[in-house]
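These notes concern the structure reproduced below.
The values are calculated or read from the model by the stated rules, or taken from the named source; none is laboratory data. It should be emphasised that the depicted structure is a prediction, and the values quoted were computed from it without experimental measurement. Glycine also receives a Cβ, built like all others from the backbone with ideal geometry; neighbour counts cover every protein chain displayed. The accessibility values were calculated without ligands, DNA or RNA, using every heavy atom of the protein model including side chains. Shrake-Rupley method; radii C 1.70, N 1.55, O 1.52, S 1.80 Å.
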Amino acid sequence: MTLIDETAPAPDVVDREAWRAARLALLDREKAHTREGDAIAAARRRLPMTEVPNVALVGEQGETPLLGLFDGRPQLVLYKHMWHDGQTIEAQCEGCTATIWDFHDASYPNARGISFAVLSKGPWEELEPFRAFMGYTHPWFSNRAVDDPLLGPATEGAYVSLLRRGDRVFATNWITGRGVEAMMSSMAIADMTAYGRQEAWEDSPAGWPQSPTFSAWRTAGRPTPQWSRPGATPVDAAAHHH
């Protein structure tokens, strides 16, 4: 790691007015970047989809079908975590570790009907202690025996977005490489799916589910993560207000 101290090169020092002018000039470019990101997400919602098999994965409950990972929700986003067989915990992929570490809680996607899980080619007996050591709460599964190019172990460090239709499963999106870096938040996870954030401002095809408010991000009147984190017990907010 590179250490930064007071001897390291730093930006030029200017007065507040000059700083504000430079900042506002860059803001125009940032807004254009955000608008382009919205347009790309809108294009994702118009992608076609392709069917994938209901493959068998191995997790905490033993062999589990892909449909079980949806946990009753219509959409599922999978992250395919790279794995180095037989290596120690500290020798596992630093990039994938950072990606999952930056996304601890799937409460917001869950509120939009999106489940989240991690796949890895490692054998479950190696994945389980790694997951426990890192303190991850997302469901993890081994795809080591899966014979499918999209869901199997061949491609790592990637996101796959899936949509369920009854007992059939369809892949709607796939992201890997540097594209993974832009998907390290709840909003970005929703953006990669077929139905997006499901908010009224989005440019979505006709008939796509959209909510005119942000209420789906709240549970019992509070932000969703307050009630959905492991071990949380809802309380009467009024009784605790002084």
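Quick notes on this one:
- Among beta bridges that DSSP assigns inside the chain, antiparallel share in %, nearest 5: 70
- Computed [θ] at 222 nm, helices only, for the chain once each DSSP H run of length n ≥ 4 contributes -39500 (n - 2.57): -8000 deg cm²/dmol
- Look at [x] 1.17; [y] 0.95; [z] 1.05: the one that is Cα Rg over 2.2 N^0.38 Å derived from this structure is [x].
- Relative contact order for the chain, counting Cα pairs under 8 Å that sit 6 or more residues apart, in percent: 22
- Compactness of the stretch 10-97 as Cα Rg over 2.2 N^0.38 Å, two decimals: 1.89
- Dipole moment magnitude, nearest 20 debye, the chain about Cα centre, only Lys, Arg, Asp, Glu C-beta charged: 960
- Normalised per residue, the accessible area of the chain is 59 Å², obtained with a 1.4 Å probe and no contribution from ligands, DNA or RNA.
- Carbon + sulfur, % of accessible area of the chain - ligands and nucleic acids excluded, 1.4 Å: 56
- Using θ = phi - 60° and Karplus 6.51 cos²θ - 1.76 cosθ + 1.60, couplings along the stretch 45-59 (whole Hz; Gly, Pro as x): 5, 10, 5, x, 9, 10, 6, 10, x, 7, 5, 9, 10, 10, x
- Think of the chain as a dipole: +1 on every Lys or Arg Cβ, -1 on every Asp or Glu Cβ, centred on the Cα centre; then among ALA43, ALA171, LEU24, ALA43 lies furthest on the positive end.
- Percent of beta bridges antiparallel (DSSP, the stretch 123-221, rounded to nearest 5): 90
- Computing FRET efficiency as 1/(1 + (r/R0)^6) for ALA25 and ASP5, where r is the C-beta to C-beta distance and R0 is 22 Å, gives about 0.15.
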